[in-house]
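K.L.:
This is the structure, below, for whatever I ask next.
The values are calculated or read from the model by the stated rules, or taken from the named source; none is laboratory data. Bear in mind the structure is a predicted one, so any value in this text is a computation, not a measurement. Quick reminder, even Gly has a Cβ in these numbers, built from the backbone with ideal geometry, and neighbours come from all protein chains shown. Calculation scope for accessible area: heavy atoms of the full protein, side chains included, ligands and nucleic acids excluded. Shrake-Rupley method; radii C 1.70, N 1.55, O 1.52, S 1.80 Å.
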Amino acid sequence: MSHTIKHKSKLLARVRRIKGQLDAVERALEAELGCTDVLMLVASVKGAVGGLTAELLEDHIRHHVVDPAHEKDPEKAKGAADLIEVVRTYLK
């Protein structure tokens, strides 16, 4: 079973929250709110999309490349753990 199917309801909930955040940006623009308010809303969308992307990439690494928790080769396990950490940090 694919990891995206296994976590389907959780991922869809995140996507729905992002949709709600995008709707808030649209409403703010329609209401002609100040640029600071709109930029703050856009920043929250960016963070939410980054979080979703990081989660998907981490799951992809764990399921299709190397899962550090189950890798017997310590160097490969460390490399995979380091890659996951870099992805998390980069997408913050």
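K.L.:
In the stretch 25-81, which residue that is among the polar types (S, T, N, Q) and without any contact (Cβ under 8 Å) to a residue 24 or more places away in the chain is least open to solvent (accessible area, probe 1.4 Å)?
P.N.:
If we take residues in the stretch 25-81 being among the polar types (S, T, N, Q) and without any contact (Cβ under 8 Å) to a residue 24 or more places away in the chain, then SER44 is least open to solvent (accessible area, probe 1.4 Å).
K.L.:
Sort out which residues of the stretch 82-92 are surrounded by 14 or more Cβ atoms within 10 Å (Cβ to Cβ) and in a loop (DSSP other than H, G, I, E, B), and write them in order of number.
P.N.:
Once the filter is applied, which keeps residues that are surrounded by 14 or more Cβ atoms within 10 Å (Cβ to Cβ) and in a loop (DSSP other than H, G, I, E, B), the stretch 82-92 yields only LEU91.
K.L.:
Taking interchain pairs and intrachain pairs at least six residues apart, which have beta carbon atoms under 6 angstrom, with the first residue in the stretch 3-18 and over 19 Å from ARG62 (Cα atoms) and the second surrounded by 11 or more Cβ atoms within 10 Å (Cβ to Cβ)?
P.N.:
If the second residue must be surrounded by 11 or more Cβ atoms within 10 Å (Cβ to Cβ), the pairs left are ARG14/LEU52; ILE18/ALA48.
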